[in-house]
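One structure below.
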Amino acid sequence: MIRSLALLLACGFLCGACSISRSLSASSASISASILSISSSASSSASSSADDAYAGDVRAATYALVDSGSLESEALLREVGRVSSEHGITDWQDSALTYRAIGLGLQDGRLAESEARALAVGLAQGRPERSAEVLAGWQADGASAP
């Protein structure tokens, strides 16, 4: 009888331990998932912040060239290349963000539509999607100046 009682207590203890172990395992998995989610959000936020900073600098550089009266597509491409290099961006020629930011800079400088279109064609270097992004930035409603 005592032996049966001891065996029963031991089984009860083991079942309780298994339950606690499963509970801890589930909690651990939940905590891991939360940490991954936070890490992913922070990484995404940092990337977005870097993109915003880059676009803002391209926009400001474009505006400065418009404001100085020395806006030519060659000079603008050189300046955008310099800004991109400062941000560690090497593929800026293939980035829609670059061309849209240029368009916003043109808008900030109040460049006439005909001038914006001509410049967009020059910057596109035979790639119409680039020209379209410049014009989309230039035409953006309510874009706030840098």
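Rule-based calculations on the coordinates, nothing more; no lab input. Please read these numbers as outputs of a predicted model, since none were measured by experiment. All Cβ positions, even for glycine, are placed from backbone atoms using ideal geometry, and neighbour counts span all protein chains on display.
Being closer than 17 Å to ALA64 by Cα and of a type in the set (Asp, Glu) is the filter here, so list the residues in the range 92-146 that pass it.
Residues satisfying the conditions are ASP108, GLU115.
Any chance you could count how many residues in the range 70-96 are more than 15 Å from GLY109 (Cβ to Cβ) and aliphatic (A, V, I, L, M)?
4
For residues that are among the aromatic types (Phe, Trp, Tyr) and surrounded by fewer than 22 Cβ atoms within 10 Å (Cβ to Cβ), tally how many sit in the range 76-108.
1
Examine the range 114-124 for a residue that is loosely packed, with under 12 Cβ neighbours inside 10 Å and without any contact (Cβ under 8 Å) to a residue 24 or more places away in the chain, and state whether such a residue exists.
yes
Look at the range 70-84 and say how many of its residues are closer than 16 Å to GLU113 by Cα and either of a type in the set (Lys, Arg) or not in a helix (DSSP H, G or I) (or both).
Total meeting the criteria: 2.
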